[in-house]
Amino acid sequence: MNDRNTSDLLIQVALHAEALPIIRLLSLHPIGRLDSNLPSELWQGSVHGHRITIVTHGRDCEFDCDRIGTESATIVAFLALRMMRPKLFINAGTCGGFATQGAAIGDIYMPTRFLFHDQRVALPKFDAFAVADRTTSDFPAIRAAANAKHGTCSTGSSLDTTVHEIAFFAAESVTCKDMEAAAIVRVAVDLETPFAALKVVTDLVDHRQAVQESFQRNLEFATDRLAHAVDHAARVFSAA
Ligand code: ADE
């Protein structure tokens with residue numbers, strides 16, 4: 001097997017803008033596409049002799065934007081895990097936080113509970129499958145290095161929030177709202193790979209400011225904070 005096709009630590013990041021500060025801080029270099037039929041891209045490097053790979057979802061040439069969301073998250077996670085067989089799989093990215101849960105812009109979370117908030121199927125068993133409430137392992141050394149808060153991450157396919165979802169978030173004590181993590185967890189479970197999420201808050205879901213304004217204004221600051229959290233996590237992982 002080609003050396004490029006294995007990695008000790010695999011980090012999945014949806015947006016190029018989220019990945020770039022991490023790529024720079026870890027001095028990773030581009031190694032091409034994950035798959036010739038997908039825009040997903042790979043960067044690699046090493047920390048303390050451990051190979052580290054970042055995989056992004058890549059740019060959709062038809063709609064001229066990055067392929068955010070659960071569909072790309074699932075296929076990229078599956079192909080990248082199958083290829084790289086990492087010892088640890090991290091999903092790093094941005095999220096909406098909640099002032100009522102004590103969040104501030106730039107806070108880092110390492111949630112260990114994951115749900116879907118916009119999959120509603122009122123049929124026996126399918127209802128639980130749709131919400132997919134799962135708890136993953138904690139990694140206290142990585143949490144401490146990343147200075148990350150505990151929490152629950154809920155995944156959906158929209159940046160904005162419905163009234164139904166606000167009630168769901170309150171009932172489930174959700175701390176992070178994102179568009180990928182629960183889908184990636186499902187793949188990590190299927191491929192029996194230890195999983196952690198590192199999420200940085202770009203906007204507050206329970207604040208009156210429009211999410212798209214906060215997201216765009218805070219993206220650079222937040223992704224810089226995320227890069228440092230991932231860098232610390234990668235160093236702790238590689239030193240173990
Ligand atoms: N990523 C950053 N902020 C988000 C939000 N409010 N909802 C979903 N994904 C996000």
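Taken together, the criteria exclude Asp133 from residues that are under 22 Å from Thr74 (Cβ atoms), within 12 Å of the ligand (Cβ to nearest atom) and surrounded by fewer than 23 Cβ atoms within 10 Å (Cβ to Cβ).
Show the residue pairs that are 6+ apart or on different chains and have beta-carbon atoms under 6 Å apart, the first residue being within the stretch 127-148 and modelled with pLDDT of 95 or more, the second being of a type outside the set (A, V, I, L, M, F, W, C) and assigned to a strand (DSSP E or B). Once the first residue is modelled with pLDDT of 95 or more and sits in the stretch 127-148, its partners that are of a type outside the set (A, V, I, L, M, F, W, C) and assigned to a strand (DSSP E or B) give Thr135/Arg113; Ala148/Tyr109. Comparison of Ala227, Ala210 shows that the only residue that is out of contact with any strand residue (DSSP E or B) (no Cβ under 7 Å at 6 or more places or on another chain) and either crowded, with 20+ Cβ neighbours inside 10 Å or closer than 20 Å to Phe114 by Cβ (or both) is Ala227.
Quick check on the stretch 95-109. Is at least one of its residues on the phi < 0 side of the Ramachandran plot, hydroxyl-bearing (Ser, Thr, Tyr) and within 16 Å of the ligand (Cβ to nearest atom)? Yes, the conditions are met somewhere in the stretch 95-109.
Can you pull out every residue in the stretch 157-189 that is among the hydroxyl-bearing types (Ser, Thr, Tyr) and within 16 Å of the ligand (Cβ to nearest atom)? Matches in the stretch 157-189: Ser157, Ser158, Thr161, Thr162, Thr175. For Leu204, indicate whether it is within 14 Å of the ligand (Cβ to nearest atom), crowded, with 20+ Cβ neighbours inside 10 Å and closer than 17 Å to Gln12 by Cα. Against the criterion (within 14 Å of the ligand (Cβ to nearest atom), crowded, with 20+ Cβ neighbours inside 10 Å and closer than 17 Å to Gln12 by Cα), Leu204 does not qualify. Of the residues contained in the stretch 143-156, one or more are found to be within 12 Å of the ligand (Cβ to nearest atom), closer than 25 Å to Asp66 by Cα and not small (Gly, Ala, Ser). Selection of the stretch 3-12 for residues being assigned to a strand (DSSP E or B) and either under 13 Å from Ala234 (Cβ atoms) or in contact with a Gly (Cβ under 6 Å, 6 or more places away or on another chain) (or both) yields Leu9, Leu10, Ile11. So which of Arg217, Arg225 ends up being closer than 15 Å to Ala17 by Cα, more than 10 Å from the ligand (Cβ to nearest atom) and within 15 Å of the chain's Cα centre (by Cα)? Every option except Arg225 fails the conditions. Scoring Asp160 on the criteria (1) closer than 19 Å to Ala210 by Cα; (2) buried (at least 18 other Cβ atoms within 10 Å of the Cβ); (3) of a type outside the set (Val, Ile, Thr) leaves a single failure, condition (2).
The values are calculated or read from the model by the stated rules, or taken from the named source; none is laboratory data. Keep in mind that this is a model prediction, so the values were computed, not measured. Reconstructed Cβ throughout: ideal geometry from the backbone, glycine too, with neighbour counts over all protein chains shown.
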